[in-house]
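See structure below.
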Ligand code: ATR
């Protein structure tokens, strides 16, 4: 049996063990997948103890994705762009390899599960924290016409865009995509797809930090959160003629990419997403 886990604080709520257990069952892989709570100041110690105990890999969640990236010996390009890792793989020689599968999880959920191609579309990304950083590179790689990043703190949106603008392998892509950081109040255009990567719906104030003017009729309004946390954003989208989608599919798809990174086998993610939606219905 090979051992994997999700490491974070908190982790009790995580659906990852259920998802990976089902992936293992459906692909016939012999592995188990648990939860590992790390103290807020004890990520490295917890991770090293896990590796010493024979762990083969882990997912990393809030708030340790940045520390995970810094600790790794090698990192994929998408983890480097995000400066954050949600997936680590350990080799016997003590090497830690980092990847970030959040963005490709989002893109696959939109394109494969929701059936909406992002090529040539106008996309608005709300937020410039870790969640937004994790998805910007893969969203650009999907070939939109325009990708605007907006954030309550405008300077953070500028930084995030500048980091991607200057990345060598994105330069060719960016010749076809307009990548902009824009002030929230100055958003005069509307979009085919808006992605909420802010934590605004968790607070007591406005659920959505932009005006509904940004939505084209029938736009996809995607919240990276799921369940109750995505409710207010989803209600706002419906009230303004948009099509809401929560982040459950992104969660399953990022897990599928992590599973493939560890095991070299792609699990049937669409089937597992459907099972989870049915179980929650
Ligand atoms: P995460 O890793 O989940 O992205 P984060 O780095 O703390 O967490 O980022 C949270 C994001 O939600 C940020 O873009 C934040 O905006 P600021 O950069 O201005 O802090 C955004 N956010 C949080 N609460 C918000 C609110 N009430 N209205 C608008 N944006 C909010």
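Of all the listed residues (45, 30, 75, 85), the sole one being under 22 Å from the mean Cα position of the chain (by Cα), modelled with pLDDT of 95 or more and away from the ligand (no atom under 16 Å from the Cβ) is 75. For residue 168, the test of being out of contact with any strand residue (DSSP E or B) (no Cβ under 7 Å at 6 or more places or on another chain) and either away from the ligand (no atom under 16 Å from the Cβ) or closer than 24 Å to residue 60 by Cβ (or both) is passed. Residues in the range 106-117 that are crowded, with 23+ Cβ neighbours inside 10 Å and either within 15 Å of the ligand (Cβ to nearest atom) or closer than 22 Å to residue 208 by Cα (or both): 106, 109, 110.
Criterion applied to 186, 203 was being within 16 Å of the ligand (Cβ to nearest atom) and within 22 Å of the chain's Cα centre (by Cα), and the one residue passing it is 203. Kindly indicate whether any position in the range 46-69 is surrounded by fewer than 20 Cβ atoms within 10 Å (Cβ to Cβ), closer than 15 Å to residue 6 by Cα and free of Cβ contacts under 8 Å to residues at least 12 places away in the same chain. Within the range 46-69 (the criterion being surrounded by fewer than 20 Cβ atoms within 10 Å (Cβ to Cβ), closer than 15 Å to residue 6 by Cα and free of Cβ contacts under 8 Å to residues at least 12 places away in the same chain), the answer is yes, since at least one residue qualifies.
The values are calculated or read from the model by the stated rules, or taken from the named source; none is laboratory data. In this text the structure is predicted, and so the values were computed from the model without any measurement. Don't worry about glycine lacking a Cβ; one is built from the backbone with ideal geometry, like all the others, and counts go over all protein chains shown.
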